[in-house]
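Here's the structure we're looking at; comments come further down.
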Amino acid sequence: MTTTETSTGTTTHAAPDMGRRRFVTFLVAAPTLTVAARLGIDLTADASAYAARRSASSAEPATETNLGTTYVLRVTSDNRIIFESPKADVGQGISTALAMLIAEDLDARLTDVHTELADAANLPGQSVGGSLSVRDAYEPVRAMAAQARARLVTAAARRWGVSASTLTTRDTAVHAPDGRRETYGALAADAATVGTPDIAATPKPVSAHTVIGTPASQREGRAIVTGAMPFSLDVDVPGALPTVVARPPTIKGTVRSVDASAAKAMSGVVAVTAIPTGVAVSARTFHEAMRGREALRVTWGPGPVDNVSDSTVTERLAQAIPPFVTPPLLSNHVDGRFDFAFVSHAPMETNAATADVRPNSAVVWSSTKVPNSTRSAVAQATGLPTNAVTVHVTRGGGSFGRRLSSEAQVEAAQVSKALGRPVKLMWTRDDDTRHGRMRPASMHRMRITYLAGEMVSFQNLSSAVRLEFGASPVIDGIGIGGYPSIGSAFFAITQATPYALGVETKALNEVPFDFPTATWRSVYSGHNRAAEELMMDRLAAKLGRDPLALRISLAKDQPAKALLQRLRTESGWGKALPAGWARGVGYHEEYEGRAGCVMTIDATKPGAPRVKSALVVADMGIPVNPRGLEAQFMGSVMDGIATILQAGNHIDSGRVREKSFADFLWPRQRHAPTDFRLMLMPTTGTSIAGAGELAVPAAAAAVASAYGRATGTQPWRFPLNS
């Protein structure tokens, strides 16, 4: 149910079934039309019970039943639609997608809808992750726009003395049959006083969509590529001192002593501050701060993994995997082992934050996907109550999971508190590569057992370096639902196999090394599902079957079979290729969507393979912005190329070997496929899927599959250049 609240009472309207997610829309008292929606976190009550618990007289939601993400939509007198989004945009294009939802059900021009990022607001649904942003917003934001439209039409009808049912809306205006027209801006003040609108406030059916499903370029694209878009380091806070941090040579090392005399004597250096993660140097410019950092003489203490190298990690991961169950008598089996290195998130914008901490307050400006966790972390670091901390969320230059952590914001706050003035703190690329968070290294041992052509069982026994979820580390010994750690439970919940392989056994054991880890685009799926797809190639080879035909025959449901069939048809699968070339395939289901990928690789030089083409076929339900989906899947293809062929982090006695993009080999444009195609399956139903992480496992699998077929090998250690 959707509940619309005004100062005069509560009106309930039917809304599409949202499963376990609930939301309410309500009118906010304001001089101009302001409508809000709040996504609830009531996982047990049905919609009618949820609506019944609401106060019929309150103009604000009852917080005990209604905690969640708040969206705010304002129609201003100058005919602008301002949408306050609680969801951070770090380049994934959600600001454009959410604007499209509003433009659709408000009948506004897309150019009239402007998105602003909301501050941290103590709402648990404000975090961004799990490819949920547009999925969560789809119903409440459209309902909110429909509510605004109904009130604007009602205001126009009462102004003109006509029936609201005779009026139409388009181009951010209300139109009468006799030719009269009023912009939304001209009607906004009157619409704010409308209690119960004269027409139903119902979002459009899919068949009536004219904006949703139409390709739209990212609204901020030009500003991003021309440098006009402000990011974290572009925030202009008067008097903020540029600051960098000298960090230990090994991961999480400590400061024993500091000789800062040479640094303090240098021109431009203002202060040197010891903080828990290193020694901060603040100066008039970043150049002077970095010169001052080089002049420091620091004696470093050890970190928790100083005696750990790649060989240590591999040994411990192998020890953490139990043996396979003995296969049935007379059965056959295919075994595989797959190792994946650590992987840095490597967003183009490194960590940065500006902080101004005073005795009774703190203000932080930064890109973060967890505004409330950042707020809490800053409060803890400064000793302030949480309500004394303000976090202004800025646009972010990439994340892939990196901005789920708040190190830069905490460091900036610590330095600002010590100096009593604002600071602008930046992590260098070296800082981010050697001390930033990484996707954990992992190992996967798998066995598919079959008997007389029938699949009997699939065993997936994996291990990984402990993954730190959210802003706080996962603590050893914490169990959830009978699992030994949060990571093992998350693995079991999310890692579904799309093929009928008999009885499935899946388990992840985490090894508690104290590395700075974090969820990386697609969390466990990016490596685990890639490994499972490679097992399908091995099974096909053992059975003498075509690998794509085998996948189609074993797919668990008809939508999967249909997508794989489309992938086969559109990719030219089976057509002859030059010697040393091959096609590879990968498929994945998650985030309420499906994606398959076929890549063609030229491996005539096995040490320098080149992906020549990529085809992605996806089932996304309702595609809000097909052009945005294309951009997401292009990025997914590049991530697959990166993590399979050349990009990984390696550990030498507690140090990350790689230092920058010079040796952390993320693909450049010259490595991108010259032929990329995205094809969407026909829309069915009314659901939408998340795109940010969906295609990464399929893309990674397709690259590895293609390389193996082209070289006649069975790749198992990634990246291949390790």
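The values are calculated or read from the model by the stated rules, or taken from the named source; none is laboratory data. Here the structure is a predicted model, which is why all the values come from computation and not from measurement. FYI the Cβ positions are ideal-geometry reconstructions off the backbone, even for glycines, and counts take in every protein chain you see.
Quick one: count up the residues across the stretch 96-119 that are in contact (Cβ under 8 Å) with a residue 40 or more places away in the chain and under 14 Å from Leu73 (Cβ atoms). Even if it seems obvious, please write down each step before you answer.
Taking the stretch 96-119 first, the residues in contact (Cβ under 8 Å) with a residue 40 or more places away in the chain are 96-110, 112, 115, 117-119.
Subsequent filtering for residues that are under 14 Å from Leu73 (Cβ atoms) retains 98-108, 112, 115, 118.
Residues in the stretch 96-119 being in contact (Cβ under 8 Å) with a residue 40 or more places away in the chain and under 14 Å from Leu73 (Cβ atoms): 14 in total.
Being polar (S, T, N, Q) and under 14 Å from the mean Cα position of the chain (by Cα) is the filter; apply it to the stretch 89-108 and report the residue that is modelled with the lowest pLDDT.
Taking the stretch 89-108 and keeping what is polar (S, T, N, Q), we get 92, 95-96.
Filter once more, keeping what is under 14 Å from the mean Cα position of the chain (by Cα): 92, 95.
Details: Gln92: 89, Ser95: 94.
Checking each candidate, the answer is Gln92.
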Query raised in the report: Within the stretch 526-541, restricting attention to residues that are closer than 16 Å to Ala441 by Cβ and of a type in the set (Gly, Ala, Ser), which residue is farthest from the chain's Cα centre (by Cα)?
Result: Ala531
Requested in this report: Collect the residues in the stretch 389-433 that are under 19 Å from the mean Cα position of the chain (by Cα), over 11 Å from Val245 (Cβ atoms) and not hydroxyl-bearing (Ser, Thr, Tyr), keeping them in residue-number order.
Outcome: Val393, Arg395, Gly396, Gly397, Gly398, Phe400, Gly401, Arg402, Arg403, Leu404, Asp432
Query raised in the report: Do we find that Ala137 is hydrophobic (A, V, I, L, M, F, W, C), surrounded by 23 or more Cβ atoms within 10 Å (Cβ to Cβ) and under 20 Å from the mean Cα position of the chain (by Cα) in this structure?
Result: yes
Query raised in the report: Looking at the stretch 104-120, is at least one residue over 27 Å from Ser232 (Cα atoms), out of contact with any Lys or Arg (no Cβ under 6 Å at 6 or more places or on another chain) and assigned to a helix (DSSP H, G or I)?
Result: yes
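On the given criteria, is Gly628 surrounded by 22 or more Cβ atoms within 10 Å (Cβ to Cβ), at pLDDT below 95 and either within 26 Å of Val128 (Cβ to Cβ) or under 23 Å from the mean Cα position of the chain (by Cα) (or both)? Step through it out loud before you land on a result.
Numbers: surrounded by 22 or more Cβ atoms within 10 Å (Cβ to Cβ): yes; at pLDDT below 95: no; either within 26 Å of Val128 (Cβ to Cβ) or under 23 Å from the mean Cα position of the chain (by Cα) (or both): yes.
No, not satisfied.
What residue, of Ile622, Ile644, is more than 27 Å from Gly685 (Cβ to Cβ) and touching a residue at least 24 places away in the same chain (Cβ under 8 Å)? Lay out the reasoning, then the answer.
Numbers: Ile622 fails: more than 27 Å from Gly685 (Cβ to Cβ).
So the residue among Ile622, Ile644 that is more than 27 Å from Gly685 (Cβ to Cβ) and touching a residue at least 24 places away in the same chain (Cβ under 8 Å) is Ile644.
Residue under question is Arg551, and the condition is that it be among the basic types (Lys, Arg), within 30 Å of Asp432 (Cβ to Cβ) and at pLDDT 95 or above; does it hold? Even if it seems obvious, please write down each step before you answer.
Numbers: among the basic types (Lys, Arg): yes; within 30 Å of Asp432 (Cβ to Cβ): no; at pLDDT 95 or above: yes.
Here the answer is no, as Arg551 does not meet what is asked.
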Requested in this report: Working only within the stretch 656-680, note down all residues that are more than 14 Å from Ala699 (Cα to Cα) and surrounded by 19 or more Cβ atoms within 10 Å (Cβ to Cβ).
Outcome: Val656, Glu658, Phe664
**Report entry** Test set (1) without any contact (Cβ under 8 Å) to a residue 12 or more places away in the chain; (2) out of contact with any strand residue (DSSP E or B) (no Cβ under 6 Å at 6 or more places or on another chain) - His175 fails condition number
**Finding:** (2)
Requested in this report: Report those strands (runs of 3 or more DSSP E) wholly inside the stretch 371-472 carrying at least 3 residues which are without any contact (Cβ under 8 Å) to a residue 24 or more places away in the chain and closer than 28 Å to Arg219 by Cβ.
Outcome: none
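Residue-by-condition table, conditions (1) at pLDDT below 95; (2) touching a Pro at 6+ places or on another chain (Cβ under 9 Å); (3) assigned by TED's automatic domain parsing to the domain that holds Asn649:
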position	(1), (2), (3)
Pro673	no, no, yes
Met681	no, yes, yes
Thr684	yes, yes, yes
Ala695	no, no, yes
Ala699	no, no, yes
Ala702	no, no, yes
Ser705	no, yes, yes
Gly708	no, yes, yes
Thr711	no, yes, yes
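Just name the residue that is surrounded by the fewest Cβ atoms within 10 Å (Cβ to Cβ) out of those in the stretch 479-504 that are part of a strand (DSSP E or B) and either touching a helix residue (DSSP H, G or I) at 6+ places or on another chain (Cβ under 9 Å) or at pLDDT below 95 (or both). Steps first, please.
Step one: of the stretch 479-504, the residues part of a strand (DSSP E or B) are 480, 483, 499, 503-504.
Now drop any that are not either touching a helix residue (DSSP H, G or I) at 6+ places or on another chain (Cβ under 9 Å) or at pLDDT below 95 (or both), which leaves 480, 483, 499.
Values: Ile480: 15, Tyr483: 18, Tyr499: 23.
Looking at residues that are part of a strand (DSSP E or B) and either touching a helix residue (DSSP H, G or I) at 6+ places or on another chain (Cβ under 9 Å) or at pLDDT below 95 (or both), I get Ile480.
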